[in-house]
Amino acid sequence: MPLLDIVEFVDPTGKTLVARVPPDGNGELRLGSQCIVREGQLAFFARDGRFLDMLIPGRHTLTSNNIPLLIDFIKLPFGSKSPFRADVYFVSLHQHTDLKWGTPQPIPMRDAQFGMVRLRAFGTFIIQVAEPRRLLTAVVGTRGRLTVQDVEEQLRSSIIARVADVIAERMRERKLSVLDLATEYDELSEMAYEVLKDDFAALGLQLTRFYINTISVPEELERRLDQVGGVAAFGGLGDYTRFKAAEALQDAARAGGDSAVGAGIGLGAGMNLGALMGQALQQQTPSPQPPPQPAVQPAAVPAAQSAAMKACPRCGVSVPENAKFCSECGASLRPAACPQCGHAVTPGAKFCIECGAALK
């Protein structure tokens, strides 16, 4: 068991909260030994599991004046030069910055606009030791070293639970959608800090700063929101469809290669895709209906127009078969009689079809 004439601790990592010297506790001190406490540190002497005297930054020669509780507790049997067992714990007081937290799994939230959504949240926080004796008794115990990584998991568990409650309460009180949370980071960070600081204080730690940097929605919902925003940005579904068809044409042309055959394949694929998208647009967009027209009864067709027609022998105008006079020249359309045999002859005929007599 070594006799320690100088007791000190230097942390090269900057991540140590508490360190015991020596780490296994098997060391002996005596009055007159030196204890060096650096700025941002405190040194605590412990014996048989009890934390007794404390030394502030500086170089200290151990005497009965600066470690009276320890000396009185061990009752040196052989005077001031006798060695004695004691554990020395160095506690770091500086701030540990840029500690990160995040939700390992999405947190279900009820959204006023989208219904049930799953959110992820990420951020940073800063801590430092505020009550060293509480940290030593509640957390360190018999361990030889306590680092930030040793308590981060417990701190993150508390953060995730509290932040989920804070976000849900804020959304419920103000009837917010997940799209509105980006403007609430400062307020949410302050609310989370207020409910978290007591959890940290119970471990002897102080939550110096707490930040919510990002609250994100599932990728599927992000893609849908991007599509909706794209449609609005292009002025409507029609323009957006034409734009996407043009993009598809360019991608297909690039995929087909630089050759003429590849370019032709890409062009055909792009045109087909554009046609399909246009058909889909027409199916989604109802065609405009003509305004209703008043019912019109069709005009009655004269019976004369529906009868057979014949030509006037004088002027050639078409007239109904049963007409007796031409409506154009007034010529008689009655059949004439042969002067020889009296047989009816066709108007305009030159000879009688019955007796062959010449007709005037």
Query raised in the report: Within region 119-156, restricting attention to residues that are of a type in the set (Lys, Arg) and out of contact with any Gly (no Cβ under 6 Å at 6 or more places or on another chain), which residue is farthest from THR13 (Cα to Cα)?
Result: ARG120
Report task. Would you mind telling me which numbered condition in (1) under 19 Å from PRO108 (Cβ atoms); (2) among the acidic types (Asp, Glu); (3) at pLDDT 90 or above ASP180 fails? Result -> (3)
Query raised in the report: Looking at (1) at pLDDT 90 or above; (2) more than 25 Å from THR147 (Cβ to Cβ); (3) open to solvent by 60 Å² or more (accessible area, probe 1.4 Å), which is the only condition SER189 fails?
Result: (3)
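The values are calculated or read from the model by the stated rules, or taken from the named source; none is laboratory data. Because the structure is predicted, anything quoted here is derived from the model rather than measured. Because the Cβ atoms are built from the backbone with ideal geometry, glycine has one as well, and the counts that use them run over all protein chains shown. These accessible areas exclude ligands, DNA and RNA; they are computed on the full protein's heavy atoms, side chains included. Shrake-Rupley method; radii C 1.70, N 1.55, O 1.52, S 1.80 Å.
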